[in-house]
Amino acid sequence: SMVESTAEATVCTVTLEKMSAGLGFSLEGGKGSLHGDKPLTINRIFKGAASEQSETVQPGDEILQLGGTAMQGLTRFEAWNIIKALPDGPVTIVIRRKSLQS
């Protein structure tokens, strides 16, 4: 049921500041990854500028949409090219976060 699925994961929209260095996190997974086709998830939050944004994204968050572009089925390389092509400034990201198992 819908109630069960929302209990397992939360979908939310966050806004990050795109800087010359990127969005301040690294990605893992994606289509054709070392572990097969996986969702694109945030791997690591970088220190510095991104750590100020660390309350909005967390390692393990799945990226569903980035700046209006759907990210499902993309390779990590394709996702990076989308991030690099974004102009500096605020970027809207839709993420899916699995809830913590109690």
Q: Check off (1) modelled with pLDDT under 95; (2) outside any strand (DSSP E or B); (3) crowded, with 17+ Cβ neighbours inside 10 Å for K47 and give me the number that stays unchecked.
A: (3)
Q) Condition test on S20, is it among the small types (G, A, S), touching a Phe, Trp or Tyr at 6+ places or on another chain (Cβ under 8 Å) and either exposed (fewer than 12 other Cβ atoms within 10 Å of the Cβ) or at pLDDT 90 or above (or both)? A) no
Q | Selection count where residues are touching a Gly at 6+ places or on another chain (Cβ under 9 Å) and modelled with pLDDT under 95, scope segment 50-72 | A | 6
Q: Confirm whether L40 is buried (at least 17 other Cβ atoms within 10 Å of the Cβ), modelled with pLDDT of 90 or more and within 10 Å of the chain's Cα centre (by Cα).
A: yes
Q) Looking at segment 78-100, which of its residues are within 14 Å of M19 (Cα to Cα), assigned to a loop (DSSP other than H, G, I, E, B) and out of contact with any Leu (no Cβ under 9 Å at 6 or more places or on another chain)? A) P87, D88
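The values are calculated or read from the model by the stated rules, or taken from the named source; none is laboratory data. As the structure is a prediction and not an experimental result, all values here were calculated from the model. Cβ sites come from the backbone with ideal geometry, for glycine too, and all protein chains shown count toward neighbours.
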